[in-house]
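Note sheet for the following structure.
Readers should treat all values here as calculations from the given coordinates under stated rules, not as data from a laboratory. Note that the structure is predicted; figures quoted are calculated from it, not measured. Positions of Cβ are backbone-derived with ideal geometry, glycine not excepted, and every protein chain shown enters the neighbour counts.
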Amino acid sequence: MTDPVEDLVAFGRRLRAAGVPASPDRIQAFASAVAMLDPLVTEDVYWAGRLTLCADPDDIARFDLVFTSWVYGHDPRYRLVGEVAGTTRRDRVLADVGGETDDKSDEAGSGDDRPIGLAASDVELLRHRDYPQLSSAERAEVRRLIALLDPVGPPRASRRYHPARRGLLDAHRTVRAMLARGGEPAGLRRRARGIKPRRLVFLVDVSGSMTAYSDALLRVAHAAVRRRPSTEVFTMGTRLTRVTRELRYRDPDHALVAAGRAVPDWSGGTRLGEQLKAFCDRWGQRGTARGALVVLASDGWERGDAGVLGAQMARLRRLAHRVVWVNPHVAKPGFAPATAGLRAALPHVDDFLAGHDLAAYEQLAKVLSGTVPQATRKPLDSPVAQGADRVAGASGGGAGGGNDA
């Protein structure tokens, strides 16, 4: 799997090979436009490319063919309009995306060697399909879309001040400005705190019960590490393993292979309480979790003492700004937090999210970036929230005040 930016550059090379003058400046403008849009919306990417890469009306036909080949996974050795006898540009594009054409175009594109691409409706269906049920081609497409996620952490006020038009009086800069003018009065200088994203910390369960989802969740963590190098990632099973260095590889596949080699307890048992204690003792209490947004991805199966898990979750909640629990089974019909581990942990969780399909990972990225209102993250009328509230009420309290530093 290639880097998203490299993928855009490769698209520009395809356009140049097809005769579209996609210069480096135009490709840079295309990448900047995509960065300001939602890269998962095909229509937005199409118009961003068409407006920035096409210099002449004659380029539009070639652009449409190359874009269809690039987005929907067809053979990049596309054929230009006119090489398929009896078809128009509209017929060719519709055939590529799985639309209806006339009989003649259907016959021209009905060969057995024609690659099968993913239409826009198919991509939308993929967003709501359980990750373990995907075929190899569908899983590759979902992995590519996960790499485009942008979980950067919610904004917070920095401790450092910078010059600003409004804010607190900056006495030192004001005095220096007066001295530079020979003691003459000068305008008042002001300062304000900057804004920076909070640190993200991922704790991913890689035990046997989470094997089907560990790959996708670690890819979400890899996307966060790529966007924010300060992100920390740990795996939990029978021991705690830090895999932040391994996930700093640019290519997600290489990063996952390196992480797999570093984790000795992949598909083993689960001792969440002990691993959370090890994390808080060695990493969290020393600053990694202080003021951070901590993501704990697990199904809640605990072989150890559930009381230890509850105590360590309470400790983690006091350190962190927010605690997000991602459970792949939340969206399944009839789900309820019945395991002892979940019952002990949920009173100390701020957000309880699903983690089984692409739509859930997109929602997770929005929550981590602070773009989803907190009031809509855990609806009070959902069975999961009601179960969590009953557990919290039985335990005699909620999460308590977190560290908002």
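Things to note:
- Extension gain, ALA35-TRP283: 0.36 nm per intervening residue step, less the Cα-Cα distance, totals 85.9 nm.
- Given charges at beta-carbon only (K, R positive; D, E negative), |dipole| of the stretch 163-299 in Debye: 1200
- A protection proxy built from the mean count of other Cβ atoms within 10 Å ranks the segments 27-36, 193-202, most packed first, as 193-202, 27-36.
- Förster radius 51 Å - calculated FRET efficiency between VAL257 and ALA55 (Cβ-Cβ, nearest 0.05): 0.80
- Burial order of peptide ranges 54-66, 299-311, 167-179 (average beta-carbon count within 10 Å, highest first): 299-311, 54-66, 167-179
- Calculated FRET efficiency, GLU43 to SER158, Cβ-Cβ distance, R0 = 41 Å: about 0.65 to the nearest 0.05.
- Note on ALA311 and ARG144: their simple-model spin labels are 5.0 nm apart, each label 7 Å out from Cα toward Cβ.
- Between SER23 and SER230, the simple label model (points 7 Å from Cα in the Cβ direction) yields a spacing of 3.9 nm.
- Using a Förster distance of 25 Å, the FRET efficiency for ARG290-ALA177 (Cβ separation, nearest 0.05): 0.10
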